[in-house]
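Novice: I am attaching a structure below and will ask some questions about it afterwards.
The values are calculated or read from the model by the stated rules, or taken from the named source; none is laboratory data. These numbers come from a predicted model, not from an experiment. Here the Cβ is made from the backbone with ideal geometry for all residues, glycine too, and neighbour counts use every protein chain on show.
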Amino acid sequence: MVFPASEEAPETNRHLELRTALYLILKRELAQGATLGSNQFVYWDPTTSRKRLAPDAFVRLGVPHRTLGLWWTVVEDPSIGPMLRLSRDREGRDLLPTPDEAEAKAREARTREAEARTREAEAQAREAEAQAREANKTLEAEVAALRVQLAEAKGKRRPRRRSPG
């Protein structure tokens, strides 16, 4: 399996400068006891190159700094260490979300959709209840009218005479 050695996503000058500054600061402070990297792909899923992470900086503690070429992992590995990403667009959205972030966003979207469906169903139920109340009022009025007609019909009938005996 071969993975690309670089990403294709565009990078602004500001992002490049911030990422470079971050890398140089981390290298100055941690190079004696950590391997450092910046903007190199770290793969999380061996079945697809679409699920990947290209952190702006990462630190692997306990391994002195060395030059890395193509470096990746195919399973989540705590030994990679913490990762810091500066890669967000102007609106603050992650350009390359981690698999966990992508799953969390998908869960949030599913939750919002379910809540919207629930609100729609509740609105439909309220409408159905209003229609049922209106239909009930109509039926009650019809029953009242029939009672009046029945009472009038009873009043028009002649009373029966009882036969003696």
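Novice: Taking interchain pairs and intrachain pairs at least six residues apart, which have beta carbon atoms under 6 angstrom, with the first residue in the stretch 19-42 and in the same structural domain as Pro64 (by TED's automatic domain parsing) and more than 10 Å from Val59 (Cβ to Cβ) and the second aromatic (Phe, Trp, Tyr) and modelled with pLDDT under 85?
Specialist: Gln40/Trp71; Phe41/Trp72; Val42/Trp72
Novice: For the stretch 16-32, check the following and say yes or no: at least one residue is at pLDDT 70 or above and part of a loop (DSSP other than H, G, I, E, B).
Specialist: Yes; the residues of the stretch 16-32 include at least one that is at pLDDT 70 or above and part of a loop (DSSP other than H, G, I, E, B).
Novice: Moving on to the next point. Could you list all residues from the stretch 105-135 that are of a type in the set (S, T, N, Q) and under 26 Å from the mean Cα position of the chain (by Cα)?
Specialist: Residues satisfying the conditions are Thr111, Thr118, Gln124.
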